[in-house]
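The values are calculated or read from the model by the stated rules, or taken from the named source; none is laboratory data. Predicted model, so just to flag it, every value in this text is computed and none were measured. Every residue, glycine among them, receives a Cβ derived from its backbone with ideal geometry; neighbour counts consider all protein chains shown. Protein only, heavy atoms only, side chains kept; ligands, DNA and RNA dropped before computing areas. Shrake-Rupley method; radii C 1.70, N 1.55, O 1.52, S 1.80 Å.
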Amino acid sequence: MKITKSQIEASKNEGTDNISSEERRHFLKMGLAVTGVFAGGTILSAVSTVNKTYACTGDFVEHYPYKPHYSMLINISNCIDCERCKKACAETNDVPSYGFRTTILEREMQHAIGQKREFIPVLCNHCNLPQCTRVCPTKATYKNKENGIVMMDTSKCIGCLSCQMGCPYNARYFHEEKVAVDKCNFCFDTRLSKGKKKTACADACPTGARTFGDMSDPGNFVYQQVHQLEKPVWVLRESAGTKPNVFYTKA
Amino acid sequence: MNRTKLTILALAALFVAGITGQALAEGDIIFTEPVMGVIFSHDVHVEENGMDCEECHDDLFEMEALTAQQNDDFTMQSLSEGNYCGACHDGDMAFDSDTRCASCHIGVIGYQKATGTAERSTHH
């Protein structure tokens, strides 16, 4: 379901005055511009500012240094916000109730034709050019040289939260018990290093909305979806220039 | 009294107590199993689309909220075989249950909004 600009403009907009700056920042961080509040302020509406297909630009189709080069493709059309992914993630990776390694955002448009809402799963984008690792003063967060995963060494974390502020995807939180910042690591310690082939979230998803993949393998489904032109594939907040490894598409 | 009036009266009387909570519209039912958050609205079906009670009761559904979800076959597979919502949501009479997932599925977020339970964490 594609929503045109005129449809958005035709719907009743109650203005953006009532959105807290925190909410606004949260959405802007995701590459979504807040366009207004609908339905008495209970629903926050946002449109994606990322409409350019990022994945197929010349500079992206290059030799990837990682092997395997872990990535994820998210099919928004299939997400039903059952949150089995969140539950599986929390159980697998000891995520407390006040934090998340992955979450689901909702976009709702009361006056859209047909389907009026969609759900957008988000997680660490395991960027090729991460800002978080660049700003960390102790190298507690770093890019794994073999597989490209953005990792945490909790013993080195001093809790300065620079990484959290540097992340364009709001993918980090402070884990009180670990006394360190925590984030998605594609279940590296809990699953991949033990021979499992998928992350807990992808494994738990009942609709196949999340596909875990390998960008170093031209035969891999995610690689193939990213390197084709017929169907749009995009990333969140392309303008941040971090070259994410989490891609989005629709059915 | 005509039939529509009777219907409206019946609905008003039946849903007067509200089903699960404050923000939930009258006559709305939110299924929670097997997955959290599928909305069924009597308003949309009866008022907006003019359906009779008999189209669903009691062949497809009991007049008791959350009965269907006690059955093992309350699944997408079963819907696509023409059962439950799938009796109409076949792409012919109403949009196919294999499309527009988030029309029926309001998810955990939708459930929490509708029932006013557990505000989404604002802790980042």
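Would you mention how many residues in the stretch A:170-206 are hydrophobic (A, V, I, L, M, F, W, C) and outside any loop (DSSP other than H, G, I, E, B)?
Filtering the stretch A:170-206 for residues hydrophobic (A, V, I, L, M, F, W, C) gives A:171, A:174, A:179-181, A:184, A:186-188, A:192, A:200-202, A:204-205.
Checking the rest, the ones that are also outside any loop (DSSP other than H, G, I, E, B) come to A:174, A:180-181, A:192, A:200-202, A:204.
Number of matching residues: 8.
Any residue in the stretch A:109-128 that is more than 13 Å from every other protein chain (Cβ to nearest Cβ) sitting within a Cβ distance under 7 Å of a residue that is open to solvent by 30 Å² or more (accessible area, probe 1.4 Å) and assigned to a strand (DSSP E or B)? List the pairs, counting only those 6 or more apart or interchain.
Close Cβ pairs (under 7 Å, with a partner that is open to solvent by 30 Å² or more (accessible area, probe 1.4 Å) and assigned to a strand (DSSP E or B)) amount to A:His126/A:Tyr70.
So which residues in the stretch A:91-108 are away from chain B (no Cβ under 12 Å) and either under 26 Å from B:Thr75 (Cβ atoms) or assigned to a loop (DSSP other than H, G, I, E, B) (or both), if there are any at all? Please lay out each step first, then the result.
Filtering the stretch A:91-108 down to residues away from chain B (no Cβ under 12 Å) leaves A:91-94, A:101-102.
Within the stretch A:91-108, A:Glu91, A:Thr92, A:Asp94, A:Arg101, A:Thr102 qualify.
With A:Thr133, A:Thr138 as the choices, which residue is over 22 Å from A:Glu238 (Cα atoms) and more than 14 Å from chain B (Cβ to nearest Cβ)?
Details: A:Thr133 fails: over 22 Å from A:Glu238 (Cα atoms).
Matching residue, one of A:Thr133, A:Thr138: A:Thr138.
Kindly evaluate B:Ala102 against the criterion of being outside any loop (DSSP other than H, G, I, E, B), touching a residue at least 40 places away in the same chain (Cβ under 8 Å) and either open to solvent by less than 40 Å² (accessible area, probe 1.4 Å) or in contact with a Gly (Cβ under 8 Å, 6 or more places away or on another chain) (or both). Spell out how you get there, then give the answer.
Working: outside any loop (DSSP other than H, G, I, E, B): yes; touching a residue at least 40 places away in the same chain (Cβ under 8 Å): no; either open to solvent by less than 40 Å² (accessible area, probe 1.4 Å) or in contact with a Gly (Cβ under 8 Å, 6 or more places away or on another chain) (or both): yes.
Against the criterion (outside any loop (DSSP other than H, G, I, E, B), touching a residue at least 40 places away in the same chain (Cβ under 8 Å) and either open to solvent by less than 40 Å² (accessible area, probe 1.4 Å) or in contact with a Gly (Cβ under 8 Å, 6 or more places away or on another chain) (or both)), B:Ala102 does not qualify.
Mind telling me which of the residues B:Gly107, B:Gly27 ends up being farther than 30 Å from A:Ala251 by Cα, surrounded by 15 or more Cβ atoms within 10 Å (Cβ to Cβ) and in contact with an Asp or Glu (Cβ under 7 Å, 6 or more places away or on another chain)? Full working, then the answer.
On the way: B:Gly107 fails: farther than 30 Å from A:Ala251 by Cα.
Within the list B:Gly107, B:Gly27, the selection yields B:Gly27.
Exactly one condition in (1) assigned by TED's automatic domain parsing to the domain that holds A:Ser193; (2) open to solvent by less than 50 Å² (accessible area, probe 1.4 Å); (3) of a type in the set (Val, Ile, Thr) is false for A:Ile113; which is it?
(2)
Hey, among the residues in the stretch A:144-169 that are assigned to a helix (DSSP H, G or I) and not aliphatic (A, V, I, L, M), which one's surrounded by the most Cβ atoms within 10 Å (Cβ to Cβ)?
First, pick out the residues of the stretch A:144-169 that are assigned to a helix (DSSP H, G or I): A:154-156, A:162-166.
Among the residues that remain, those that are also not aliphatic (A, V, I, L, M) are: A:154-156, A:162-164, A:166.
Numbers: A:Thr154: 13, A:Ser155: 9, A:Lys156: 14, A:Ser162: 18, A:Cys163: 24, A:Gln164: 18, A:Gly166: 18.
Out of the qualifying residues, it is A:Cys163.
Test B:Met51 against the stated conditions and say whether it is hydrophobic (A, V, I, L, M, F, W, C), away from every other protein chain (no Cβ under 14 Å), exposed (fewer than 12 other Cβ atoms within 10 Å of the Cβ) and on the phi < 0 side of the Ramachandran plot. Working first, answer last.
Numbers: hydrophobic (A, V, I, L, M, F, W, C): yes; away from every other protein chain (no Cβ under 14 Å): yes; exposed (fewer than 12 other Cβ atoms within 10 Å of the Cβ): no; on the phi < 0 side of the Ramachandran plot: yes.
Against the criterion (hydrophobic (A, V, I, L, M, F, W, C), away from every other protein chain (no Cβ under 14 Å), exposed (fewer than 12 other Cβ atoms within 10 Å of the Cβ) and on the phi < 0 side of the Ramachandran plot), B:Met51 does not qualify.
Of everything in the stretch A:70-84, what is closer than 14 Å to A:Leu123 by Cβ and within 11 Å of chain B (Cβ to nearest Cβ)? Give them in sequence order.
Within the stretch A:70-84, the first condition is being closer than 14 Å to A:Leu123 by Cβ, and the residues that meet it are A:70-74, A:76, A:79, A:83.
Those that are closer than 14 Å to A:Leu123 by Cβ and within 11 Å of chain B (Cβ to nearest Cβ): A:Ile76, A:Cys79, A:Glu83.
Give just the number: which of (1) open to solvent by less than 30 Å² (accessible area, probe 1.4 Å); (2) more than 14 Å from chain B (Cβ to nearest Cβ) does A:Val179 not satisfy?
(1)
Among the residues in the stretch B:59-82, are any open to solvent by less than 40 Å² (accessible area, probe 1.4 Å) and on the phi > 0 side of the Ramachandran plot?
Checked against the condition, which is being open to solvent by less than 40 Å² (accessible area, probe 1.4 Å) and on the phi > 0 side of the Ramachandran plot, the stretch B:59-82 yields at least one hit.
May I ask you to list the residues in the stretch A:203-217 that are of a type in the set (Ser, Thr, Tyr) and open to solvent by 30 Å² or more (accessible area, probe 1.4 Å)?
Correct list: A:Thr207, A:Thr211.
Starting from residues that are touching a helix residue (DSSP H, G or I) at 6+ places or on another chain (Cβ under 6 Å) and open to solvent by 30 Å² or more (accessible area, probe 1.4 Å), keep the ones in the stretch A:218-251 and report whichever is farthest from A:Glu146 (Cα to Cα).
Filtering the stretch A:218-251 for residues that are touching a helix residue (DSSP H, G or I) at 6+ places or on another chain (Cβ under 6 Å) and open to solvent by 30 Å² or more (accessible area, probe 1.4 Å), the one farthest from A:Glu146 (Cα to Cα) comes out as A:Ala251.
Restricting attention to the stretch B:50-71, does a residue exist that is touching a Gly at 6+ places or on another chain (Cβ under 9 Å), part of a loop (DSSP other than H, G, I, E, B) and under 24 Å from A:Ala204 (Cβ atoms)?
No, the stretch B:50-71 contains no residue that is touching a Gly at 6+ places or on another chain (Cβ under 9 Å), part of a loop (DSSP other than H, G, I, E, B) and under 24 Å from A:Ala204 (Cβ atoms).
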